[in-house]
Amino acid sequence: MITAKQSMTSPWRSALGLAALLSISSVHANTWHFRGTPNNWASTAMSEVNTHLHQSCQTFSATNARFKIDHYGDWTDSYPADDFLISQAGSYQISFNSSDKTITVDSVSQCEDPATSTSNQQTNTTDTRFYFDASDFTSTPTIWAWISNGSAISQLEGYSWNSQQSLLVDSDSGYYYWRLPSTYQAELDAGLKLNFIIDKNDEFSRNNSGCYSENRWYQSLATCLDKPFQPYIGPYLTLLQPQYSGDYNTASILDPSSNMVINYELSSADSNFSAAVFYRPAGQTSWIEQTEDEVAPLGEGWGKVHHITLTNLQADTEYQYKVIGPNGKFSAEYAFKTASTNMDYSRFLVVGDMQDEQGEQRWHDIAQAISSEHMDDFDFIITVGDMVKDDVSHSSERFYWWKVFFDKGQQLFASKPIMPAMGNHDTPGNIGVSDSEQYWSNAEDTRSFRKYFYLSPDMSYPDYYSFSYGNACFMSVNSEIPVFYGRHPERDNGNNAATQANWLQQEVNKAQACPWSFAYFHVPPINPAGGKSEVAFVRPYTDYFNHKLDWSITGHVHEYQRLKPVHATSNTLDFNKSGYGRTADKGVGYMIAAPAGQWPRNTTSSNMHQLAFYPHNSNGTAYEIGFSIINVSANNFELKTYGMGSVGDKVQPSGYRSGDDRSKQLMDTLSYSKLALIANAGPDINVNQGDTVSFDGSDSQALSGSIISYQWSNGLTGVSASKVYSELGSFPVTLTVKDNQGNSATDSVVVTVLEQSANYQKDFESVDFRGTANSWGKTAMNLIGDNTWQLVVNVTDSQPSFKFYANGKWYGDDQADGETHSNERANIALSQGPGLYQITLTDHTRQYRVTKL
């Protein structure tokens, strides 16, 4: 064994040629490297055995064999001062102690391949360590550790919850650390999950060594100690712009194929700094500098988020970027990819209710799982509210909880743009209401949300918006508006609730032209699990969605729920639907996202049968945090929801995730296809005798391809056409559309021609058809003659039935004898299944006739 100790640094090696200099690339600033004759003085990273010990096995020839250990790749910190000489050819295990700079060289029979070396595998797996930045703590932190479905480590090591193990201090770095006892390593190697709670607060689920600093995990202590410039918050990506337009003056959304907004915030002391981004297409060597957008100051105490808008980017291209700090130091390099043009797909991540209180919440685990395993599965992120614990000061920092949210998701947000929706915890308390209600909702102050997502700080401008991405249309809605003003209508002086409702209705109608459409917001309009009285204030939105919207995606409840397809109104729920979709026999999809780290709930009610999926087994409802990824491609829909188990000490039902398993699991999946072509003949038409009827098939849709022909069964052609109707009666007209891919679809409209200014006799003032065909709503029948009411109904469900509704009373038929009376309660069956039916009622005899057309 040969040992040398040298504390002096070496000057630049004059013998090193330019070619060798250029070969030193991406040398990490706190990694030690072997450099010598075996590798032609290039840099070979040494294995980190522990904090101070680094090793490398090398094979030397007999001629002038020598080496050095180099720190930074520039010889400014290398050992020993003179080359370490090897006098005899052979293989040697070289060990370097970075604390006292001792070099030890041991002869070995041969150097094994690091990928297969047993000793190397032992080195990598028997010393799992976690380091923690001491500046994040005011006193020595403690740890509570266990393995899901495995050993209760802390208990087995003799500790209790009230008397926990303290972390040790690494003397060289000053960081706290904890080393997994080697006894338990085999369980991790077998795939079981290590969980630990630091200081009875932050909970982690992690199997690989690492270093935690400022709410972020780093790969090693070395990377922690040599962090590049890191903004106070960010960088993170968005697509919003504070330019307002349209009927409701909503914010603009940039085209993702040619634009991106990079955002970051510095500490208040540096808020006047002029920021810049350096970016380039991946693979190129020259950087392009873009300075920040000109934005008016937000006011005293509000700090400044620097927004840098990149324009004229190439579509479907990966870009690298880095941001610069006040000291001229660059951040780490990040990357994003622009969208393609003419996309027939849309892929997005759904997260909400992160709301990390730095307690036992697991937002960091969720973000880590997404960043490490799913970044290729989606292109942008929608959040359904409650990103932060509360929009309040903490530790003398006004935006502390926003920092926690962005820090723990930083790797994710630096690569994918966020399209957020507002939640009740994303606003400050409203001092104008009772103390108990301050954080229930606050639609009157969303300035922090606006600050971070590049919206106008002027509260007179909306913070809701719409956009399209690929083949889908999206509406980001502020559910705090109907909730807050529903509770406090006297404060809605600007008619804010009605304005957003009207905007949403208009946007949903416009989105029918999109192959897919999604509305997302925080408070759900339907909550089968029960509770949450504020749901009632959002329920009226369902009236806008039927047969127009594909999915409503929300959060707030902290309990993952996917409803069965439903036709919902403010007062009714009809689950008698054949699937999800917009056609008459389909229902809207309603999904309540799993909390992305905040405490999950397991509330139940008598309405759980309304759910297609929720996490449970026969022993009860389970606790699951998680996230969802949705992919719509052409006319195909795919949903994958991943669960990551419980939080804190919440106990799962017996047999569910045995051993408190908190690993990521695919929890819910759904896939279905829409019709590639949908015909829409428009609503039924009532006209007077001799009037001209205009037909309109413009709402027909080709989800892939394009429509090439419109044929009406009354002989007309074209997307729109007209015809004079001179005869009295009801006339069904069928529209047939064809696309350029060989698909065809039909839809029918009924034209009812009435005698002009007719004064027919009648016993009833009005008669409505109410049945499965219209979700038991009201469809007025037409008085076409004395005491004769008539309607043509398009029936799509498999077991259709109906009743008459006249003068405020229901009329059924208990005897199925063709007569209906108000004391008969049985529904009238349409026994011939789906199709067009002409229904006629003679009101003075109560006789009716049903004819399938």
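Structure notes:
For (1) over 48 Å from the mean Cα position of the chain (by Cα); (2) outside any strand (DSSP E or B), each residue gets a yes or a no:
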{"position": "Asp74", "(1), (2)": "no, yes"}
{"position": "Pro80", "(1), (2)": "yes, no"}
{"position": "Phe84", "(1), (2)": "yes, no"}
{"position": "Gln88", "(1), (2)": "yes, yes"}
{"position": "Ile103", "(1), (2)": "yes, no"}
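- Listing of strands (runs of 3 or more DSSP E) fully contained in the range 224-325 that carry 2 or more residues being in contact (Cβ under 8 Å) with a residue 40 or more places away in the chain, surrounded by 14 or more Cβ atoms within 10 Å (Cβ to Cβ) and aromatic (Phe, Trp, Tyr): 276-281, 318-323
- Just one of (1) without any contact (Cβ under 8 Å) to a residue 40 or more places away in the chain; (2) under 26 Å from the mean Cα position of the chain (by Cα) fails for Ser154. It is (2).
Condition check ((1) under 30 Å from Gly645 (Cβ atoms); (2) among the hydroxyl-bearing types (Ser, Thr, Tyr); (3) in contact with a Cys (Cβ under 8 Å, 6 or more places away or on another chain); (4) part of a strand (DSSP E or B)) across all residues:
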{"position": "Pro524", "(1), (2), (3), (4)": "yes, no, no, no"}
{"position": "Ser552", "(1), (2), (3), (4)": "yes, yes, no, yes"}
{"position": "His567", "(1), (2), (3), (4)": "no, no, no, yes"}
{"position": "Met591", "(1), (2), (3), (4)": "yes, no, no, yes"}
{"position": "Gln598", "(1), (2), (3), (4)": "yes, no, no, no"}
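- Residue in the range 354-374 that is part of a loop (DSSP other than H, G, I, E, B), among the acidic types (Asp, Glu) and surrounded by fewer than 17 Cβ atoms within 10 Å (Cβ to Cβ) present: no
- Among the strands (runs of 3 or more DSSP E) confined to the range 790-850, the ones with at least 1 residues that are of a type in the set (A, V, I, L, M, F, W, C) and modelled with pLDDT of 95 or more are located at 801-806, 835-842.
- If the condition is being in a strand (DSSP E or B), open to solvent by 10 Å² or more (accessible area, probe 1.4 Å) and either in contact with a Ser or Thr (Cβ under 9 Å, 6 or more places away or on another chain) or among the acidic types (Asp, Glu) (or both), then the range 199-223 contributes Asp202, Ser205.
- The condition of being in contact (Cβ under 8 Å) with a residue 60 or more places away in the chain, touching a strand residue (DSSP E or B) at 6+ places or on another chain (Cβ under 6 Å) and open to solvent by 20 Å² or more (accessible area, probe 1.4 Å) holds for only one of Leu841, Leu791, Leu783, Leu836, that being Leu836.
- Exactly one residue out of Thr583, Thr604 is in a loop (DSSP other than H, G, I, E, B) and farther than 30 Å from Arg362 by Cα: that is Thr583.
- Of all residues in the range 474-496, those satisfying the criterion of being farther than 11 Å from Tyr541 by Cα and part of a helix (DSSP H, G or I) are Glu480, Ile481, Val483, Phe484, Tyr485, Gly486, Arg487, Pro489, Glu490, Arg491, Asn496.
- Where Asp747 falls short, out of the listed (1) on the phi < 0 side of the Ramachandran plot; (2) part of a loop (DSSP other than H, G, I, E, B); (3) within 39 Å of the chain's Cα centre (by Cα); (4) surrounded by 13 or more Cβ atoms within 10 Å (Cβ to Cβ): (2)
- The sole residue among Gly643, Gly659, Gly697, Gly648 that is in contact with a Gly (Cβ under 9 Å, 6 or more places away or on another chain), buried (at least 20 other Cβ atoms within 10 Å of the Cβ) and within 23 Å of Asp365 (Cβ to Cβ) is Gly643.
- Of all residue pairs spaced 6 or more apart or on separate chains, those with beta-carbon atoms under 9 Å, a first member in the range 479-499 that is more than 23 Å from Ile592 (Cβ to Cβ) and a second member that is among the aliphatic types (A, V, I, L, M) and assigned to a helix (DSSP H, G or I) are Pro489/Ala497; Asp492/Ile481; Asp492/Ala498; Asn496/Ile481; Thr499/Ile481.
- Scan of the range 326-352 for residues that are free of Cβ contacts under 8 Å to residues at least 60 places away in the same chain, open to solvent by 70 Å² or more (accessible area, probe 1.4 Å) and farther than 30 Å from Gly555 by Cα, ordered by number: Glu333, Asn342
The values are calculated or read from the model by the stated rules, or taken from the named source; none is laboratory data. What you see is a predicted model; the values in this text were computed from it and never measured. Glycine also receives a Cβ, built like all others from the backbone with ideal geometry; neighbour counts cover every protein chain displayed. When the accessible area is computed, the model is the full protein with side chains, heavy atoms only, and any ligands, DNA or RNA have been set aside. Shrake-Rupley method; radii C 1.70, N 1.55, O 1.52, S 1.80 Å.
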